[in-house]
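S.K.: Just dropping this structure here.
No value in this document is a laboratory result; all are computed from the given coordinates. Quantities reported herein were computed from a predicted structural model and do not represent experimental measurements. Cβ placement follows ideal geometry from the backbone for every residue including glycine, while neighbour counts extend to all protein chains displayed.
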Amino acid sequence: MDKKWISGADGVNLKFKRETLLNYGLNRWGLNKAHSVGSTSELIRSCAPLKYEEWVEFYFKKAKQKKKNGMYITREYITGLGQTLYVKLSEVVQSELNSITEEECIDYAYNLVINRTYDGYVTEIETIYGQLEGAVGMEIEPAPDNWDRTYSVDFFIKVADKYIGIQIKPIASGQALNQYQWIEMHMVNHQRFEKEFGGQVFFVYSVKSSGKKKKIYNVEVIEQIRAEIDRLSVT
């Protein structure tokens, strides 16, 4: 039988024309999760097959749903998963597609590109400022709105009657950091800040680590800020 929905094959790995949609359905309803089909990654490592047929035989002999009272997986069960997927896509997803409006798509695009980008940026700023506050042992406060415009400062540290400025710049992981670019761009505003408030302005660069957590990229700035705190404390 010519299966027109299959676009090609690489060994036993078939390529499906509507794979994005099929994968979406499987993930949305958890039909490919361990609680449904067993821990396939663990199983195939235990099997260590030399041939595809060895894996198939091992799977249907050992695979079990990873949940309380989970059942052993059979070919009929896999067929049932495919039937469930078809119902979900043809009934639930089709109904949802029919209800989508152009306005909803426009709103979603705007929210994804603009709103979520801003929200992620603000979250990153707040995360980094929290790390920095703990590292220097001083309260770090958000700068007034006019300070951002006038002095290019996001946060400040008050030391006696003087202030240290902090500007946080997120950078992409692996991106070459041209610190001079930022220093040059904001030099006049930062010089104005130091003249009026007595303390220097420091750039703190943030980057996502491998675990997605944001961290301070230029960690040496912590000691520089501590030194500035000490200097202002005795002047």
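S.K.: Just going by the charge dipole of segment 1-124, with Lys and Arg at +1 and Asp and Glu at -1 on Cβ, which of Ala34, Ile106, Gly120 is farthest out on the positive end?
M.R.: Towards the positive end, the residue furthest out is Ala34.
S.K.: Taking H placed 1.01 Å from N in the peptide plane, check which residues at least 5 places from Lys214 or on another chain put their amide H under 5 Å from its amide H.
M.R.: Ser209
S.K.: Compute the signed sum of charges (Lys and Arg +1, Asp and Glu -1) over the other residues within less than 10 Å, Cβ to Cβ, of Val37. Let's see the in-between values first.
M.R.: Values: positive: Lys33, Lys64, Lys66; negative: none.
Net of charged neighbours comes to +3.
S.K.: When only DSSP loop residues count, what chymotrypsin sites (Phe, Trp or Tyr not before Pro) in segment 1-73 have their Cβ near at most 14 other Cβ atoms within 10 Å? Walk me through the numbers before you get to the answer.
M.R.: Working: sites: Trp5, Phe16, Tyr24, Trp29, Tyr52, Trp55, Phe58, Tyr59, Phe60, Tyr72; in loops: Trp5, Trp29.
Taking segment 1-73 and a limit of 14 other Cβ atoms within 10 Å, the loop chymotrypsin sites (Phe, Trp or Tyr not before Pro) found are Trp5.
S.K.: Quick check on the chain: take the gyration tensor over C-alpha atoms, sort the square-rooted eigenvalues as a ≥ b ≥ c, and tell me if it's rounded (a/c under 1.5), prolate or oblate.
M.R.: Working: a/c = 3.41, a/b = 2.39, b/c = 1.43.
The shape class here is prolate.
S.K.: Under 5 Å between amide H atoms, partner at least 5 residues away or on a different chain: which partners does Gln200 have, H built in plane at 1.01 Å?
M.R.: Gly165
S.K.: Taking amide hydrogens as modeled 1.01 Å from N in the peptide plane, which residues meet the under 5 Å criterion relative to Asp154, leaving out close sequence neighbours?
M.R.: Amide H neighbours of Asp154: Ile166, Gln167, Ile168.
S.K.: With N residues in segment 6-99, what two-decimal value do you get for its Cα radius of gyration over 2.2 N^0.38 Å? Could the numbers behind the result be given before it?
M.R.: On the way: Rg = 15.1 Å, N = 94, 2.2 N^0.38 = 12.4 Å.
Ratio of Cα Rg to 2.2 N^0.38 Å: 1.22.
S.K.: Calculate how many DSSP beta bridges within the chain are antiparallel, expressed in % of all such bridges and rounded to the nearest 5. It would help to have the intermediate numbers written out before the result.
M.R.: Values: 15 of 22 bridges.
Beta bridges within the chain, antiparallel portion: roughly 70 percent.
S.K.: Counting each DSSP H run of 4 or more residues in the chain as -39500 (n - 2.57), what helix-only mean residue ellipticity at 222 nm follows after dividing by all residues, to the nearest 500 deg cm²/dmol?
M.R.: Details: 11 runs with 122 residues, N = 235.
Only helices count here, giving -16000 deg cm²/dmol.
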